[in-house]
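The values are calculated or read from the model by the stated rules, or taken from the named source; none is laboratory data. These numbers come from a predicted model, not from an experiment. Here Cβ is always computed from backbone atoms with ideal geometry, including for glycine, and neighbour counts include all displayed protein chains. With ligands, DNA and RNA removed, areas are computed over all heavy atoms of the protein, side chains included. Shrake-Rupley method; radii C 1.70, N 1.55, O 1.52, S 1.80 Å.
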Amino acid sequence: MATGSSLLEEELSCPVCSEIFRDPVVLRCSHSFCKACLQQYWDQKGSQECPVCRRRASMEPPPYNLSLRNTCEAFLKERSQRAEAGSEVLCSLHSEKLKLFCLEDYEPLCVDCLTGSHRNHNFCPIEEAVLKSKKKIRTALAPLQKKLEAFNAVKLICDQTAEHIKSQTQHTERQIKMEFEKLQQFLKDEEAARITALREEEKQKSQMMKEKIEKMTEEISSLSEQIRAIEQELGAEDVSFLQSYKDTQNRAQCTLGDPEKVSGALIDVAKHLGNLKYRVWEKMLGTVQYTPVTLDLNTVHPKLSLSEDLTSMRYSDERQQVPDNPERFDAWLCVLGSEGFSSGRHCWDVEVGDDEYWGVGVVKESFSRKGDVDLSPAGGVWGIEQYSSGVYTALTSTPTVLTVQRKLQRVRVQLDWDRGEVSFSDPSDNTPLYTFKHSFTERLFPFFGPSPHRMQICPLKVSVSEK
């Protein structure tokens, strides 16, 4: 037999969803439904009729059943309170309400538990234990929350990095295509030029042969006419022949020289095809540049911008939208070369122009990219800088002022890793500036400091030699 509570719940349930009414509305036929259930039913049915008695409903929106809504809310509130009261935990041994907390066994107790196994234990009221325990848990929770914040921050960087990878790929692909289009255009232009040269030679030699053939044709015609006239005289009567003998004899004299074959008339195929690929490649060298160092876009400080070919840099007031990856400098306005050196000798020239501040040199691979840095050999930096107009220093532990006769426009950096030397000089006259000596133990990377205008890595002249 159903209880009074279940009967009331049935009366307060929507005929469509069988749940307690939510925002009940009433139709003219006195049947009530949840507003959302009724609208969904009408949308599916395609007509406005009562889901219970099938009577047509008014076209106007049905009014809310306020009394039913209030009754439903009161029922739900009472049911929630009953559920809370029924959820109270009682002592499993004595079925009494738990009012105390054992500080030794960390268990909730009822009053009767104090005469049992917890007789000599320390305890406190449940409310006090809850406050202290929650405080401890909150204290223990703080590091976890900080850890969560750290993970969220790194995840955000990872999300930004993933998007940046796509952007880098798209941009780099466009640059690759542009460079190959230039190479392809060079080859097309070179092909057209060489075919034009071939056609020009063909035109000249064809014209020469045409003129030669025309001249030979005229001479052949003249000789043929002369021979026909002489043969005609040979067929004349004896007396007539003898009478014109002298004229015929003179006419039979050949004044033309022997015909000459034309030398050099054929196309000079070897000139057009000989070492064709090599000659084109040799010419291509004049259109390309080679720089001994290119800049690493993934290390550049957000306030520095690089050129498309990664050979020059300049300072920018606006921060670039780039991820904070571990390789990137975030405090020192710097960018590294893309290739490190762990042996051998290496050299590159840097055009510093008229900028008042710049720095060049090398740093060790483990050099910190984040926060404040130690710009000295002890910190893993070997370089020189201009920190104000005309004042140059070597980045020693205590900066060493350099004696420079004239303003530097270019600086040459020479690294001899095996001998442990980093030298700086003025390439315009090879004037030495400063030399560091150190026993290197790890890879070194070129570094380039901020430049308000433009700092450029100078290209080298490329030559071809045959062995």
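Evaluate the range 383-392: report whether one residue or more is more than 17 Å from residue 357 (Cα to Cα), at pLDDT 95 or above, open to solvent by less than 90 Å² (accessible area, probe 1.4 Å) and assigned to a strand (DSSP E or B).
Looking through the range 383-392, none of the residues is more than 17 Å from residue 357 (Cα to Cα), at pLDDT 95 or above, open to solvent by less than 90 Å² (accessible area, probe 1.4 Å) and assigned to a strand (DSSP E or B).
Each row is one residue, and each column tells you yes or no for (1) open to solvent by less than 60 Å² (accessible area, probe 1.4 Å); (2) touching a residue at least 12 places away in the same chain (Cβ under 8 Å); (3) over 23 Å from residue 335 (Cβ atoms); (4) β-branched (Val, Ile, Thr).
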site: 403; (1), (2), (3), (4): no, no, yes, yes
site: 408; (1), (2), (3), (4): yes, yes, no, no
site: 415; (1), (2), (3), (4): yes, yes, no, no
site: 419; (1), (2), (3), (4): no, no, yes, no
site: 422; (1), (2), (3), (4): yes, yes, no, yes
site: 428; (1), (2), (3), (4): no, yes, yes, no
site: 431; (1), (2), (3), (4): yes, yes, yes, yes
site: 443; (1), (2), (3), (4): no, yes, no, no
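Among the helices (runs of 4 or more DSSP H) contained in the range 186-285, which hold 1 or more residues that are touching a helix residue (DSSP H, G or I) at 6+ places or on another chain (Cβ under 9 Å), open to solvent by less than 100 Å² (accessible area, probe 1.4 Å) and modelled with pLDDT of 85 or more?
Answer list for the range 186-285: 269-273, 276-284.
Determine the pairs where a residue that is more than 14 Å from residue 227 (Cβ to Cβ), located within the range 246-261, has a partner that is surrounded by 10 or more Cβ atoms within 10 Å (Cβ to Cβ) with Cβ atoms under 8 Å apart, the partner being 6 or more residues away or on another chain.
These pairs meet every condition: 259/216; 259/219.
Residues that are surrounded by 10 or more Cβ atoms within 10 Å (Cβ to Cβ) and closer than 23 Å to residue 11 by Cβ: does the range 118-131 have at least one?
Scanning the range 118-131, I find no residue that is surrounded by 10 or more Cβ atoms within 10 Å (Cβ to Cβ) and closer than 23 Å to residue 11 by Cβ, so the answer is no.
Just to verify a result, which residue in the range 26-53, among those that are of a type in the set (Phe, Trp, Tyr) and assigned to a helix (DSSP H, G or I), is surrounded by the fewest Cβ atoms within 10 Å (Cβ to Cβ)?
Per the stated criteria, the residue is 42.
I'm told residue 71 meets every condition in (1) of a type in the set (S, T, N, Q); (2) farther than 18 Å from residue 24 by Cβ; (3) at pLDDT 85 or above except one. Can you identify the failing condition by its number?
It is condition (2) that residue 71 fails.
Return the residues of the range 375-388 that are within 15 Å of residue 329 (Cβ to Cβ) and either of a type in the set (A, V, I, L, M) or touching a strand residue (DSSP E or B) at 6+ places or on another chain (Cβ under 7 Å) (or both); say none if nothing qualifies.
375, 380, 381, 383
Given the conditions (1) over 30 Å from residue 170 (Cβ atoms); (2) touching a Ser or Thr at 6+ places or on another chain (Cβ under 9 Å); (3) surrounded by 14 or more Cβ atoms within 10 Å (Cβ to Cβ), and given that residue 309 satisfies all but one, which numbered condition is not satisfied?
(1)
Within the range 333-350, can one find any residue that is surrounded by 13 or more Cβ atoms within 10 Å (Cβ to Cβ), within 25 Å of the chain's Cα centre (by Cα) and among the charged types (D, E, K, R)?
Kept after step one, since they are surrounded by 13 or more Cβ atoms within 10 Å (Cβ to Cβ), are these residues of the range 333-350: 333-341, 346-350.
Okay, now just the ones that are also within 25 Å of the chain's Cα centre (by Cα), so 333-341.
Next cut, among the charged types (D, E, K, R) only: 339.
Scanning the range 333-350 turns up at least one residue that is surrounded by 13 or more Cβ atoms within 10 Å (Cβ to Cβ), within 25 Å of the chain's Cα centre (by Cα) and among the charged types (D, E, K, R).
Using beta carbons and a limit of 8 Å, which pairs, at least six apart or on different chains, have the first residue in the range 364-375 and in a loop (DSSP other than H, G, I, E, B) and the second one among the polar types (S, T, N, Q)?
As it stands, the answer is 369/299, since those pairs meet every condition given.
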